[in-house]
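Undergrad: Starting off with a structure, shown below.
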Amino acid sequence: MSVERTLHHFPLDPASRQVRLALGEKRLPFADNPVRYWERPKALTELNPSGLTPVLVEAGEGGTLALCESRAVLDYLEEAYPDPALLGADPAERAEARRLLQWFDRKFEFEAGGFILHEKMEKRLLGLGAPELANLRQGREGLKSHLYYMDGLLQGREWLAGRRLSLADFAAAAHLSVIDYFGDVPWKDFAAVKTWYMKLKSRPAFRPLLQDRWPGLTPARHYDDLDF
């Protein structure tokens, strides 16, 4: 059955990036529609009452389905298109992948990413003035704490949740890649995390993210360099 997909997303949104990575890894073609979600466009709020990205719309012979919010979209993709599986090879590994998904979307966002991206990105998009240095310091300290944790995991595992690439890796990479866009990830201090990120960065599913640019937001020089 032929299916047409459109992803309504913001290119520098970690949640949107998780869905893009999953679609790419599963080799599911889609048309991308970048949106300025902070302007509350009517077309987006009609699809998702929260007004947030991402929203994946699938249109096929059975009708049109609008899938909202990253976790719901990821769960749908895993159930509807199980090959390749992105939640691990056994129940324990799948549970660990789900735990880490929540870790990055909640704990990492609250303690690190949220501070950095609000000051470096959201304030520019909304015209809210210069970054608050205290908030940036807090976000960067939180980031280091999470990188230490990731480094420990990766010293004993091939991927974050275990033996195979999973949605946990995509969640972590989605969050870190946006912070890396602004040059705030201290890669040289975390060798295992850097090696892991280099492996992800070289995957075909990741390459479209490296081409992302947004007016007024210039990426760090190394952002799209595979050998950084």
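The values are calculated or read from the model by the stated rules, or taken from the named source; none is laboratory data. Model, not experiment: these values are computed from the prediction. FYI the Cβ positions are ideal-geometry reconstructions off the backbone, even for glycines, and counts take in every protein chain you see.
Undergrad: Check the stretch 100-116 and report whether any residue there is of a type outside the set (Gly, Ala, Ser), under 18 Å from residue 175 (Cβ atoms), assigned to a helix (DSSP H, G or I) and in contact with a Phe, Trp or Tyr (Cβ under 8 Å, 6 or more places away or on another chain).
TA: Checked the stretch 100-116: at least one residue is of a type outside the set (Gly, Ala, Ser), under 18 Å from residue 175 (Cβ atoms), assigned to a helix (DSSP H, G or I) and in contact with a Phe, Trp or Tyr (Cβ under 8 Å, 6 or more places away or on another chain).
Undergrad: Give just the number: which of (1) crowded, with 18+ Cβ neighbours inside 10 Å; (2) hydrophobic (A, V, I, L, M, F, W, C); (3) over 15 Å from the mean Cα position of the chain (by Cα) does residue 104 not satisfy?
TA: Answer for residue 104: the failing condition is (3).
Undergrad: Right, something else. Scanning for something surrounded by fewer than 16 Cβ atoms within 10 Å (Cβ to Cβ) and in the same structural domain as residue 110 (by TED's automatic domain parsing), does the stretch 164-182 turn up at least one residue?
TA: Checked the stretch 164-182: no residue is surrounded by fewer than 16 Cβ atoms within 10 Å (Cβ to Cβ) and in the same structural domain as residue 110 (by TED's automatic domain parsing).
Undergrad: Can you tell me which of (1) assigned to a loop (DSSP other than H, G, I, E, B); (2) of a type in the set (A, V, I, L, M); (3) in contact with a Gly (Cβ under 9 Å, 6 or more places away or on another chain) is the one residue 185 doesn't meet?
TA: Of everything listed in (1) assigned to a loop (DSSP other than H, G, I, E, B); (2) of a type in the set (A, V, I, L, M); (3) in contact with a Gly (Cβ under 9 Å, 6 or more places away or on another chain), residue 185 misses just condition (3).
Undergrad: So if I check each of 58, 39, which one is charged (D, E, K, R) and surrounded by fewer than 17 Cβ atoms within 10 Å (Cβ to Cβ)?
TA: Just a single option satisfies the conditions, and that option is 39.
Undergrad: When you look at residue 225, is it out of contact with any strand residue (DSSP E or B) (no Cβ under 9 Å at 6 or more places or on another chain) and either at positive phi or not assigned by TED's automatic domain parsing to the domain that holds residue 170 (or both), yes or no?
TA: It is true that residue 225 is out of contact with any strand residue (DSSP E or B) (no Cβ under 9 Å at 6 or more places or on another chain) and either at positive phi or not assigned by TED's automatic domain parsing to the domain that holds residue 170 (or both).
Undergrad: Sort out which residues of the stretch 10-49 are in a helix (DSSP H, G or I), of a type in the set (A, V, I, L, M) and closer than 27 Å to residue 165 by Cα, and write them in order of number.
TA: Across the stretch 10-49, the qualifying residues are 15, 19, 21, 22, 23.
Undergrad: Have a look at 74, 52, 67 and point out the one that is among the aliphatic types (A, V, I, L, M), modelled with pLDDT of 95 or more and assigned to a helix (DSSP H, G or I).
TA: After ruling out the rest, the residue left standing is 74.
Undergrad: Pairs, please: C-beta under 6 Å, at least 6 apart or cross-chain, first residue surrounded by 14 or more Cβ atoms within 10 Å (Cβ to Cβ) and in the stretch 65-93, second assigned to a loop (DSSP other than H, G, I, E, B) and charged (D, E, K, R)?
TA: Listed by first residue and then by second, the contacts come to 81/26.
Undergrad: Being crowded, with 16+ Cβ neighbours inside 10 Å and either touching a residue at least 60 places away in the same chain (Cβ under 8 Å) or part of a loop (DSSP other than H, G, I, E, B) (or both) is the filter here; which residues of the stretch 125-156 pass it?
TA: Across the stretch 125-156, the qualifying residues are 125, 131.
Undergrad: Okay, moving on. Select from the stretch 183-227 the residues that are of a type in the set (Phe, Trp, Tyr) and farther than 20 Å from residue 148 by Cβ and write down the one among them that is surrounded by the most Cβ atoms within 10 Å (Cβ to Cβ).
TA: The selected residue is 206.
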